[in-house]
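K.L.:
Sharing a structure with you now.
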Amino acid sequence: MAVRFYDLIGVLSAGVGVELHAAATATEERVIFKIPVTGRLRKVSLTAGAAITGVNTNSSNVNLKHYTGGVGTELANKDYTLAVNTAKATPFDLYAPATPRNMAAGDVLSLELEKVGTGLDLPQLHVQVEYDFHR
């Protein structure tokens, strides 16, 4: 008997690496996850490969987007402005709703690395997506 995705019980996790984003690079978006069957998004956490120190101007934002049917919705963001920092190798939750978000089969999550002014260097990131399946 074959095991189907939705036969899996409990919270599942998928990780992906995102390459560094140089300050000189224009805003770009990278697909980080595609759900194979209907499910729920529970959490998205990030871990930076180097410290990120926010600045008052010429900064960068990290935006999490959910695409369903080709239409994107921003779910969460971290704007690296003055006093907004991330320590190296210290995971933090970018998105952790009280109620998991429903996702249809084929929905996509992306990470937008948004340049503000002349931008801010962003190091390599590890993205961890926690999800489950429901019928």
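Bear in mind these aren't lab numbers, they're just calculated from the coordinates by the rules spelled out. As the structure is a prediction and not an experimental result, all values here were calculated from the model. Positions of Cβ are backbone-derived with ideal geometry, glycine not excepted, and every protein chain shown enters the neighbour counts.
K.L.:
So if I take the alpha carbon set of the range 90-135, get Rg, then get Rh from the Kirkwood formula, what is the Rg over Rh ratio?
P.N.:
Details: Rg = 14.4 Å, Rh = 13.9 Å.
Reported Rg/Rh, Kirkwood definition of Rh: 1.04.
K.L.:
What ranking, highest mean first, results for peptides 117-128, 21-32 when packing means the other Cβ atoms within 10 Å averaged over each residue? Working shown, then result.
P.N.:
Values: 117-128: 17.6, 21-32: 14.2.
Packing proxy ranking, top to bottom: 117-128, 21-32.
K.L.:
Where does each of LEU20, LEU111 land when they are ranked from fewest to most other beta-carbon atoms within 10 angstrom?
P.N.:
LEU20, LEU111
K.L.:
Let me ask another. Based on other C-beta atoms within 10 Å, arrange SER110, SER13 from fewest to most.
P.N.:
Working: SER110 17, SER13 11.
Going from sparsest to densest Cβ surroundings: SER13, SER110.
K.L.:
I've got another one for you. Report, ordered by chain and residue number, the lysines lying within cross-link reach of LYS65, taken as a straight Cα distance under 21 Å and ignoring same-chain residues fewer than 8 apart.
P.N.:
LYS34, LYS43, LYS78, LYS115
K.L.:
Okay, next question. When each pair of different Cα atoms in the chain is counted once in the 1/r mean, what is the Kirkwood radius in angstroms, to one decimal?
P.N.:
15.6
K.L.:
Given an 8 Å cut-off on Cα distances and at least 6 residues of separation, report the relative contact order of the chain as a percent. Walk me through the numbers on the way to the answer.
P.N.:
Numbers: 350 pairs, mean separation 63.5, N = 135.
Relative CO of the chain lands at 47 percent.
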